[in-house]
Amino acid sequence: MAKLTKEKVKQALEVSLGVVAIAARRLGVSRQGLHKAIKRFGLEGYLEELREEATDEVEHRLIQAALEGKPWAVMFFLKTLGRHRGYVERQEVAQASKLEIELVEVPGDPLARPPAGRG
């Protein structure tokens, strides 16, 4: 295994579009080893940027396919990027209220436990 340098790691990540397993294979190291090198060289931001660029490219291709009228792309586009317009299969409701319950002992309550020592 050749010694990893910052430039070798950057190049492998760029060629793999930020896919760590592929970059690690190219470098002849484990994924964990490459993650350690990424951290050691301070390349976390670089890796994130590569992944964002790849996501942008794939998103662009999805939009192109949807505009070409490919049904799978139209459906996926609307279910994801069109969610805010109501194109969802199920409605999700978020509730931010808090429920507080106060327990009160009621005298003569048949469900109340008898005091300890009695029975």
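The values are calculated or read from the model by the stated rules, or taken from the named source; none is laboratory data. Every value quoted in this text rests on a predicted model; they were computed, and no experiment measured them. Note that each Cβ is placed from the backbone with ideal geometry, even for glycine, and that neighbours are counted across all protein chains shown. Only protein heavy atoms, including side chains, enter the accessible area calculation; ligands, DNA and RNA are left aside. Shrake-Rupley method; radii C 1.70, N 1.55, O 1.52, S 1.80 Å.
A few notes on this one:
- One residue stands out in the stretch 54-72 among those that are open to solvent by less than 100 Å² (accessible area, probe 1.4 Å) and outside any helix (DSSP H, G or I): the one that is farthest from V20 (Cα to Cα), namely G69.
- For S16, the conditions (1) over 30 Å from T5 (Cβ atoms); (2) polar (S, T, N, Q); (3) open to solvent by less than 40 Å² (accessible area, probe 1.4 Å) all hold with the exception of (1).
- Only one of the listed residues (V104, V20, V29) is modelled with pLDDT of 95 or more, more than 24 Å from the chain's Cα centre (by Cα) and of a type in the set (A, V, I, L, M). That residue is V29.
- Among the residues of the stretch 73-93, those identified as modelled with pLDDT under 75 and either surrounded by 10 or more Cβ atoms within 10 Å (Cβ to Cβ) or of a type outside the set (D, E) (or both) are R90, Q91, V93.
- Residue identified as crowded, with 16+ Cβ neighbours inside 10 Å, within 20 Å of the chain's Cα centre (by Cα) and not in a loop (DSSP other than H, G, I, E, B) among L34, L47: L47
- The C-beta contact set for the stretch 11-29 (first residue closer than 14 Å to R51 by Cβ and charged (D, E, K, R), second residue open to solvent by less than 30 Å² (accessible area, probe 1.4 Å) and part of a helix (DSSP H, G or I), distance under 9 angstrom, 6+ apart or interchain) comprises E14/A23; E14/L50.
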